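The values are calculated or read from the model by the stated rules, or taken from the named source; none is laboratory data. Since we're looking at a predicted model, the values are computed, not measured. We place every Cβ from the backbone using ideal geometry, glycine too, and count neighbours over all the protein chains shown. Accessible surface areas use protein heavy atoms only, side chains included; no ligands, DNA or RNA. Shrake-Rupley method; radii C 1.70, N 1.55, O 1.52, S 1.80 Å.
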Amino acid sequence: MASSSEGHKVFVYGSLLADDVVGVLLKRVPQSSPAILHGFHRFSIKGRVYPAILPVPKKQVTGRVLFGISDGELDVLDTFEDVEYQRTSVDVITDGDDKLLQTHTYVWGDVSDPNLFGDWDFEEWKKTHMEDFLQMTCGFVQELQLPDSKPRVATYDSFFPHQT
């Protein structure tokens, strides 16, 4: 993938599209570029405010690529995405470029999850959930400093009670 000197590239498509969320997690906002991931669909998840992606032929997901992600920052993103997602290598097309760029992204772990439905909308998320999600993310980052830190899913569940 990327040499250690240039860092990792990570395609983001959900809550990590928000610079405020990325800034809390990484303590900086890396350089980024708009990008498209072909052959995937971004789903809403029943009872969650963040999305999931899974391979779906003839679909595409718009997002952005974060550049120059260090190994430590990638570990933070892995921990944040928790057990629900699997870090996967994918090829995306960046804005204004026809070439494929290999990146990491986080794909939903349960391909037959009955809680996935429809489309997830970033603009709607920003209006209705970003403020609370940002507070949860701050709590997650504080929790990471503790010796017995909770996983992100547990932090999320304590902050956003499951809606049915």
With a 1.4 Å probe and every protein chain kept in, tell me what percent of the accessible surface of the chain is carbon plus sulfur.
50
Please identify the trypsin sites (Lys or Arg not before Pro) of region 25-127 that satisfy two criteria: DSSP loop assignment and at most 14 other Cβ atoms within 10 Å. Which are they?
K27, R28, K46, K99
Mind checking the per residue accessible area of region 1-120 for me, 1.4 Å probe, whole number of Å²?
48
Rounded to whole Å, sorted largest first: equivalent-ellipsoid semi-axes of the chain, Cα gyration tensor
23, 20, 14
Relative contact order in percent for the chain (Cα pairs under 8 Å, 6+ apart) equals 28
Nitroxide proxy distance, nm - points 7 Å out along Cα→Cβ at D78 and K27:
1.9
What distance in nm separates the two pseudo spin-label positions at K59 and Q102, each 7 Å out from Cα along the beta-carbon direction?
2.6
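Could you list, in their original order, any pairs among K58/K99; K46/K126; K27/K99; K59/K99; K27/K126 whose Cα atoms are separated by more than 23 Å?
From K58/K99; K46/K126; K27/K99; K59/K99; K27/K126, over 23 Å: K27/K99.
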